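A short write-up of the structure that comes next.
The values are calculated or read from the model by the stated rules, or taken from the named source; none is laboratory data. Predicted, not measured: the structure shown is a model, and the values here were computed from it. Cβ placement follows ideal geometry from the backbone for every residue including glycine, while neighbour counts extend to all protein chains displayed. Calculation scope for accessible area: heavy atoms of the full protein, side chains included, ligands and nucleic acids excluded. Shrake-Rupley method; radii C 1.70, N 1.55, O 1.52, S 1.80 Å.
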Amino acid sequence: MIPESFLNELKYNTDIEQVIGRYVQLRRRGKNLTGLCPFHSEKTPSFSVTPSKQMYYCFGCGAGGNVFTFLMEYENFTFVEAMQYLAERASVELPKVDYSKEAKEAADKKAALLEINKLAAQYFYYQLRRQNGQKAWKYLVERGLTEETMKKFGLGYSDKYSDDLYKYLKGKGYKDEVVDERRGMYDKFWNRVIFPIMDVNSRVIGFGGRVMGDGKPKYLNSPETKIFDKSRNLYGLNAARTTRRKYLIVCEGYMDVITMHQA
């Protein structure tokens, strides 16, 4: 068990306005802050944050809670992940505890998926710069991208073999129940330019792939997983959130996002 005193200290040492402000454009109204609710579609702001109480509430859909609740609902964090994120953000050392078997298994599974995606992204990045990836690299250059931009967005290439990544992950020690084709973890992408999809914290949670040649479909995306919720993630948001501008420009495709950042 985490001591309640530690959780209260962490909660009240965290600026809920800054945390939620990364996701919602807030405007001050007296002692409270208001904005458009991130949990349902609305045109008139009904989402309210009360910094003095470290709480938020939406008068439209009823969503409410504290900073832990917000991260768990919006980022699909477990309570442990939300606590770890806030502790790291505040440079606070977590007390040592024994987690329940279920909580540990859930956290371990997410960590494994994130690690696999990170390895896959690194592998695709490497393939783009090999001889077999020259066609894909040339395509990106002809679309006007610089090497710096390709590096910033982690662009890569999946080779023409349907088991290329599978063999690489197997070589890293991952077992068949994680990467076996029969269980859905086969090479979904091959002969494609790869666009790693990252969450707001720049962790790779999925991929998009643009085929080289006339294959179909032209663009292919990762299916939803425990770490990839398409309704709560937007390509390039990890890069856009660092801007100091008061607006965002939403684009249709990967290349639209990347070229506008470059421009």
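Sort out which residues of the range 70-96 are part of a loop (DSSP other than H, G, I, E, B) and not aromatic (Phe, Trp, Tyr), and write them in order of number. Break it down stepwise before answering.
Of all residues in the range 70-96, those part of a loop (DSSP other than H, G, I, E, B) come to 75-78, 90-96.
Residues satisfying the conditions are 75, 76, 78, 90, 91, 92, 93, 94, 95, 96.
Given the criterion at positive phi and either crowded, with 16+ Cβ neighbours inside 10 Å or in contact with a Lys or Arg (Cβ under 9 Å, 6 or more places away or on another chain) (or both), identify the matching residue among 66, 76, 132. Even if it seems obvious, please write down each step before you answer.
On the way: 66 fails: at positive phi; 132 fails: at positive phi.
One residue alone meets the criteria, 76.
Could you list, in sequence order, the residues of the range 62-80 that are among the hydroxyl-bearing types (Ser, Thr, Tyr) and out of contact with any Pro (no Cβ under 9 Å at 6 or more places or on another chain)?
Start the filter on the range 62-80 by keeping residues that are among the hydroxyl-bearing types (Ser, Thr, Tyr), which leaves 69, 74, 78.
Listed by number, the residues that qualify are 69, 78.
Note down all Cβ pairs under 6 Å where the first residue falls in the range 192-216 and is under 18 Å from residue 84 (Cβ atoms), the second is open to solvent by 40 Å² or more (accessible area, probe 1.4 Å) and aliphatic (A, V, I, L, M), and they're at least six residues apart or on different chains.
200/237
Looking at (1) surrounded by 17 or more Cβ atoms within 10 Å (Cβ to Cβ); (2) touching a residue at least 40 places away in the same chain (Cβ under 8 Å), find the lone condition where residue 221 falls short.
(2)
Can you tell me which condition residue 126 does not meet? The list is (1) among the hydroxyl-bearing types (Ser, Thr, Tyr); (2) farther than 30 Å from residue 15 by Cβ; (3) open to solvent by less than 40 Å² (accessible area, probe 1.4 Å), and all the others hold.
(3)
Restricted to the range 20-34, and to residues that are surrounded by 13 or more Cβ atoms within 10 Å (Cβ to Cβ) and in contact with a helix residue (DSSP H, G or I) (Cβ under 7 Å, 6 or more places away or on another chain), which residue is nearest to residue 233 (Cα to Cα)?
23
Given the structure, is residue 24 assigned to a loop (DSSP other than H, G, I, E, B) and of a type in the set (A, V, I, L, M)? Reasoning before the result, please.
Numbers: assigned to a loop (DSSP other than H, G, I, E, B): yes; of a type in the set (A, V, I, L, M): yes.
So residue 24 passes the test.
Of all the residues that make up the range 135-156, how many are outside any helix (DSSP H, G or I) and open to solvent by less than 20 Å² (accessible area, probe 1.4 Å)? Reasoning before the result, please.
The initial filter retains those residues of the range 135-156 that are outside any helix (DSSP H, G or I), namely 143-146, 153-156.
Add one more test, that the residue is open to solvent by less than 20 Å² (accessible area, probe 1.4 Å), and what stays is 145, 153-156.
Qualifying residue count, the range 135-156: 5.
Only one residue in 118, 109 is modelled with pLDDT under 90, surrounded by fewer than 16 Cβ atoms within 10 Å (Cβ to Cβ) and not β-branched (Val, Ile, Thr). Which one? Before the answer, list the steps.
On the way: 118 fails: modelled with pLDDT under 90.
The unique qualifying residue is 109.
Please determine, by comparing only the residues of the range 35-47 that are of a type outside the set (D, E, K, R) and either touching a Leu at 6+ places or on another chain (Cβ under 7 Å) or closer than 24 Å to residue 87 by Cα (or both), which one is surrounded by the fewest Cβ atoms within 10 Å (Cβ to Cβ).
Restricting attention to the range 35-47, the residues satisfying the condition of being of a type outside the set (D, E, K, R) are 35-41, 44-47.
Imposing the further condition that a residue be either touching a Leu at 6+ places or on another chain (Cβ under 7 Å) or closer than 24 Å to residue 87 by Cα (or both) reduces the set to 35, 38, 45, 47.
Working: 35: 19, 38: 17, 45: 19, 47: 24.
The extreme case among them is 38.
Being of a type in the set (Ser, Thr, Tyr) and under 24 Å from residue 139 (Cα atoms): is that true of residue 247 here? Even if it seems obvious, please write down each step before you answer.
Working: of a type in the set (Ser, Thr, Tyr): yes; under 24 Å from residue 139 (Cα atoms): no.
No; evaluated as a whole, the condition is false for this residue.
Open to solvent by less than 70 Å² (accessible area, probe 1.4 Å), under 23 Å from residue 94 (Cα atoms) and at pLDDT 90 or above, is that true of residue 17?
On the way: open to solvent by less than 70 Å² (accessible area, probe 1.4 Å): yes; under 23 Å from residue 94 (Cα atoms): yes; at pLDDT 90 or above: yes.
Against the criterion (open to solvent by less than 70 Å² (accessible area, probe 1.4 Å), under 23 Å from residue 94 (Cα atoms) and at pLDDT 90 or above), residue 17 qualifies.
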